[in-house]
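*Asks:* Structure below; questions to follow.
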Amino acid sequence: MSTTVTNPPLLQVEDLHVTFDTPEGTVEAVSGVSFSVGAQETVAVVGESGSGKTVTALAVLQLLDGGRISGGRVLWDGEDLAALDRRALRRVRGNEIAMIFQDPMTSLDPLYSVGHQIVEALRLHRRISKRDARERAAELLEQVGMPDPRRRLAAYPHQLSGGQRQRVMIAIALACSPRLLIADEPTTALDVTIEAQILELLGDLQHEYRSAMLLVTHDMGVVAETADRVVVFYAGQVVEQGATADVLSDPQHPYTAALLDAMPTPGTDRAQPLAAIPGAVPPLRAMPAGCRFHTRCARAWDECGHTEPLLHELPGDRAARCLLHRPGQERPLRDALTTKGA
Ligand SMILES: Nc1ncnc2c1ncn2[C@@H]1O[C@H](COP(=O)(O)OP(=O)(O)OP(=O)(O)O)[C@@H](O)[C@H]1O
Ligand SMILES: [Mg+2]
């Protein structure tokens, strides 16, 4: 008999729906997304542009601008974040959950030195003197691998390289030792060498701070290198999830398989990693009936155009939203979905 006790997840997103009111009417950008992140776990959210990754991350932090959570809930340590008052929410944001955005230039203030901005982040959540905060800021910059950290405290964002700015963002995110780090495509603005360094740094720091990470990316290579589990998004829905090694070696949704097929082989240009999937994510206002992916799916048959697939649970703590996995489905499940050898 197993005596393993599984800890309740730190973050639990349950049947999340997010809508935006636009001049052309209301659109739903996230449609029933569920996933969880356990303590010290790294979960990657992967999917093409427009699939709802950022909107989901913002909804978790209750930071939607112009949009609203129209269904479902976000539980932090079992507590419904939407039910918290402003003060309690501020305590969670930054103190317990920190976010690193895709473009550091939009989240760093160009008018203040990076030292000032790290000190502010520290003093917002901690009772700490200015002098101690400055000392801690220098330590943080050193930890994120900033050359000459003490001198760099006085630098303004525009005086730093893209990689250095991202290091500052990581320092700010770590300032209060969060239990969960949400990183929204933290390396897409960087070149490949710096990207590898930043991902390694994030991994090291996450280990050191014993925090969990929700990593948003469109790059299966990044997933392979960093994540314990992966959640694949398509058009505002989760289409597959499972342990990274399982999903990558044996994808159960044709979209995941297509993403993996579109991965460049080592040594080739990574600038357009997903260019090989024909077509594009459908616009929110023109979501196809049935399976949202059927218009681009190599495995689709007639029924996919009118029957909406459920997220079917599969052995090994996995799930896939595809009629191929419907219980009793007579079509062969196990034939390889990828064209590449596993
Ligand atoms: N403020 C808004 N008003 C209306 N629609 C929005 C708004 N913000 C996002 N959307 C729509 O929600 C959908 C999901 O957007 P989101 O930014 O989450 O995509 P993403 O997966 O993060 O893409 P990317 O990889 O390009 O960052 C898109 O169709 C987008 O146009
Ligand atoms: Mg995004």
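*Asks:* Any residue at all in the stretch 90-100 that is open to solvent by less than 10 Å² (accessible area, probe 1.4 Å), under 28 Å from MET220 (Cβ atoms), of a type in the set (A, V, I, L, M) and within 16 Å of ligand 2 (Cβ to nearest atom)? Steps first, please.
*Replies:* So in the stretch 90-100, the residues open to solvent by less than 10 Å² (accessible area, probe 1.4 Å) come out as 92, 97-98, 100.
Right, trim to under 28 Å from MET220 (Cβ atoms) and you get 97-98, 100.
Subsequent filtering for residues that are of a type in the set (A, V, I, L, M) retains 97-98, 100.
Going one step further and asking which of them are within 16 Å of ligand 2 (Cβ to nearest atom), we end up with 100.
Checked against the condition, which is being open to solvent by less than 10 Å² (accessible area, probe 1.4 Å), under 28 Å from MET220 (Cβ atoms), of a type in the set (A, V, I, L, M) and within 16 Å of ligand 2 (Cβ to nearest atom), the stretch 90-100 yields at least one hit.
*Asks:* Could you please find all residues in the stretch 285-316 being closer than 23 Å to VAL247 by Cα and small (Gly, Ala, Ser)?
*Replies:* Once the filter is applied, which keeps residues that are closer than 23 Å to VAL247 by Cα and small (Gly, Ala, Ser), the stretch 285-316 yields ALA298, ALA300, GLY316.
*Asks:* Something else now. Residues in the stretch 126-148 that are open to solvent by 30 Å² or more (accessible area, probe 1.4 Å) and not charged (D, E, K, R): how many?
*Replies:* Total meeting the criteria: 5.
*Asks:* Please find, among LEU333, LEU274, LEU324, the residue that is out of contact with any Gly (no Cβ under 7 Å at 6 or more places or on another chain), outside any loop (DSSP other than H, G, I, E, B) and either modelled with pLDDT of 75 or more or not polar (S, T, N, Q) (or both).
*Replies:* None of the others qualify; the one that does is LEU324.
*Asks:* While we're looking at this one, here's another question. So, in the stretch 16-57, how many residues would count as being more than 16 Å from ligand 2 (Cβ to nearest atom), within 11 Å of the chain's Cα centre (by Cα) and either among the small types (Gly, Ala, Ser) or open to solvent by 30 Å² or more (accessible area, probe 1.4 Å) (or both)?
*Replies:* 0
*Asks:* Might you check whether a residue that is among the hydrophobic types (A, V, I, L, M, F, W, C), away from ligand 1 (no atom under 16 Å from the Cβ), in contact with a helix residue (DSSP H, G or I) (Cβ under 8 Å, 6 or more places away or on another chain) and farther than 28 Å from TYR255 by Cβ occurs anywhere in the stretch 62-80?
*Replies:* Yes, the stretch 62-80 contains a residue that is among the hydrophobic types (A, V, I, L, M, F, W, C), away from ligand 1 (no atom under 16 Å from the Cβ), in contact with a helix residue (DSSP H, G or I) (Cβ under 8 Å, 6 or more places away or on another chain) and farther than 28 Å from TYR255 by Cβ.
*Asks:* Is it fair to say LEU75 is within 30 Å of HIS207 (Cβ to Cβ), in contact (Cβ under 8 Å) with a residue 12 or more places away in the chain, surrounded by 13 or more Cβ atoms within 10 Å (Cβ to Cβ) and more than 20 Å from the chain's Cα centre (by Cα)?
*Replies:* Taking the combined requirement at face value, the residue does not satisfy it.
*Asks:* Can you name the residue in the stretch 169-195 that is of a type in the set (D, E, K, R) and over 12 Å from TYR209 (Cα atoms) and is also modelled with the lowest pLDDT among such residues?
*Replies:* ASP191
The values are calculated or read from the model by the stated rules, or taken from the named source; none is laboratory data. Predicted, not measured: the structure shown is a model, and the values here were computed from it. We place every Cβ from the backbone using ideal geometry, glycine too, and count neighbours over all the protein chains shown. Heads up: the accessible areas ignore ligands, DNA and RNA and are worked out on the full protein's heavy atoms, side chains in. Shrake-Rupley method; radii C 1.70, N 1.55, O 1.52, S 1.80 Å.
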